[in-house]
1. Residue by residue through the stretch 209-261, note down the ones that are of a type in the set (Asp, Glu), open to solvent by 80 Å² or more (accessible area, probe 1.4 Å) and closer than 21 Å to PHE69 by Cα.
2. Counting residues that are charged (D, E, K, R), which strands (runs of 3 or more DSSP E) fully inside the stretch 32-86 reach at least 2?
3. Output yes when any residue across the stretch 178-188 is of a type in the set (Ser, Thr, Tyr), open to solvent by 40 Å² or more (accessible area, probe 1.4 Å) and either within 16 Å of ligand 2 (Cβ to nearest atom) or touching a Pro at 6+ places or on another chain (Cβ under 6 Å) (or both), and no when none is.
4. Would you be able to say whether some residue in the stretch 219-226 is outside any loop (DSSP other than H, G, I, E, B), more than 16 Å from ligand 2 (Cβ to nearest atom) and acidic (Asp, Glu)?
5. Consider only pairs whose beta carbons are under 8 Å apart and that are at least six residues apart or on different chains; among these, list those whose first residue lies in the stretch 98-115 and is touching a residue at least 12 places away in the same chain (Cβ under 8 Å) and whose second residue is among the acidic types (Asp, Glu) and surrounded by fewer than 20 Cβ atoms within 10 Å (Cβ to Cβ).
6. Looking for something farther than 25 Å from THR99 by Cα and touching a residue at least 40 places away in the same chain (Cβ under 8 Å) - is there at least one such residue anywhere in the stretch 178-192?
7. What residue, among those in the stretch 97-125 that are small (Gly, Ala, Ser) and more than 16 Å from ligand 2 (Cβ to nearest atom), is surrounded by the most Cβ atoms within 10 Å (Cβ to Cβ)?
8. Identify the residue in the stretch 24-34 that is crowded, with 24+ Cβ neighbours inside 10 Å and farther than 11 Å from GLY211 by Cβ and, among all such residues, is farthest from ligand 2 (Cβ to nearest atom).
Amino acid sequence: MKNILDAPFVKEMCATTANMYRLGWDERNGGNISCLLDEKEVGEYLDLENVIRTIPTGFEAKELIGKIFIVTGTGKYFKNVEHDPENNLGIIRIANDGTTAELLWGYSDGGRFTSELPAHLMSHISRLSVNPENRIIMHCHPDYTLAMTQVHKMDEREITRTLWKQMTESIVVFPDGLGVLPWMVCGTNKIGVATAEKMKKFRLVIWTLHGIYGAGKDFDETVGLIETVEKAAKMYMLTAHLPRLNTIEDSELKDLAEAFGVDYRKDYLDL
Ligand code: 2HA
Ligand code: ZN
């Protein structure tokens, strides 16, 4: 059996949480990540018959029975993951009842997965239904994105248009735009269901006055989506109070999307 601490998926979780902490997106215990793993690959590192303990998830995820995820722990700090992955991360498998998580590794101080597990697992189900390659769901609290939710109309079309117009990269990176949820109590099945519903149409979902969710096939895609939104939100917040002399026109956004061959939300442009 190989050493689990050398597994690429553990190393990626360590590197990503450390990076996100230093970006300031995950203060204290803010943020959470889940990554769908390949059973065969996990089997190279762990005895899949050895269930350390079982933890109820509080909801049913029939579509994910037998699926294995590495997930950040509840109350854990992103800054600490790289120094003690076995305590701050866990590897869970969804049991045959669809409502129990079987712990295969981690949460070594007796802890459990993130309180946002409902939003994560339900979002995995949504994203897998539109893209079988999806593996990552990521949540964090990036500064300018969060600031923007205080001052911008929280309408999907409006906020997507604003972000597309801040800089050239935006429409190329997230042509599918952003889903928006109003402020809601976090950590509940209700916000999980609402997030997952949006995830059928978007890889990015903003939680007003809270943060953002991103989904992707790997860490680069997912972080790349969030950091591009955050950069565009930064441009907006740095300039929102100033006279706006230049912007990317709708016809130019269309030219850009066509030049890069991306399938953008055409009804979000006024052409
Ligand atoms: O896990 O970010 O949304 C801490 C949070 C809750
Ligand atoms: Zn949060």
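1. Start the filter on the stretch 209-261 by keeping residues that are of a type in the set (Asp, Glu), which leaves 218, 220-221, 227, 230, 249-250, 252, 255, 258.
Still in the running and open to solvent by 80 Å² or more (accessible area, probe 1.4 Å): 220, 227, 249, 252, 255, 258.
Of everything in the stretch 209-261, just one residue is of a type in the set (Asp, Glu), open to solvent by 80 Å² or more (accessible area, probe 1.4 Å) and closer than 21 Å to PHE69 by Cα, namely ASP220.
2. Values: elements: 32-37, 53-56, 68-72.
Filter on the stretch 32-86 gives an empty set.
3. Quick first cut of the stretch 178-188, residues of a type in the set (Ser, Thr, Tyr) only: 188.
Among the residues that remain, those that are also open to solvent by 40 Å² or more (accessible area, probe 1.4 Å) are: 188.
Narrowing further to those that are either within 16 Å of ligand 2 (Cβ to nearest atom) or touching a Pro at 6+ places or on another chain (Cβ under 6 Å) (or both): 188.
Yes, some residue in the stretch 178-188 is of a type in the set (Ser, Thr, Tyr), open to solvent by 40 Å² or more (accessible area, probe 1.4 Å) and either within 16 Å of ligand 2 (Cβ to nearest atom) or touching a Pro at 6+ places or on another chain (Cβ under 6 Å) (or both).
4. yes
5. Sorted first by the residue in the stretch 98-115, then by its partner, the pairs are GLY98/GLU60; THR99/GLU60; TRP105/GLU86; GLY106/GLU86; SER108/GLU86.
6. Quick first cut of the stretch 178-192, residues farther than 25 Å from THR99 by Cα only: 178-183.
Cutting the leftovers down to touching a residue at least 40 places away in the same chain (Cβ under 8 Å) gives us 178.
Among the residues of the stretch 178-192, at least one is farther than 25 Å from THR99 by Cα and touching a residue at least 40 places away in the same chain (Cβ under 8 Å), which makes the answer yes.
7. Here is the first cut: in the stretch 97-125, the ones small (Gly, Ala, Ser) are 98, 101, 106, 108, 110-111, 115, 119, 123.
With the extra rule that they be more than 16 Å from ligand 2 (Cβ to nearest atom), the set shrinks to 98, 101, 106, 108, 110-111.
Values: GLY98: 16, ALA101: 26, GLY106: 24, SER108: 15, GLY110: 7, GLY111: 17.
The extreme case among them is ALA101.
8. SER34
The values are calculated or read from the model by the stated rules, or taken from the named source; none is laboratory data. Predicted model, so just to flag it, every value in this text is computed and none were measured. Because the Cβ atoms are built from the backbone with ideal geometry, glycine has one as well, and the counts that use them run over all protein chains shown. Surface areas here come from the heavy atoms of the whole protein model, side chains and all, with no ligands, DNA or RNA. Shrake-Rupley method; radii C 1.70, N 1.55, O 1.52, S 1.80 Å.
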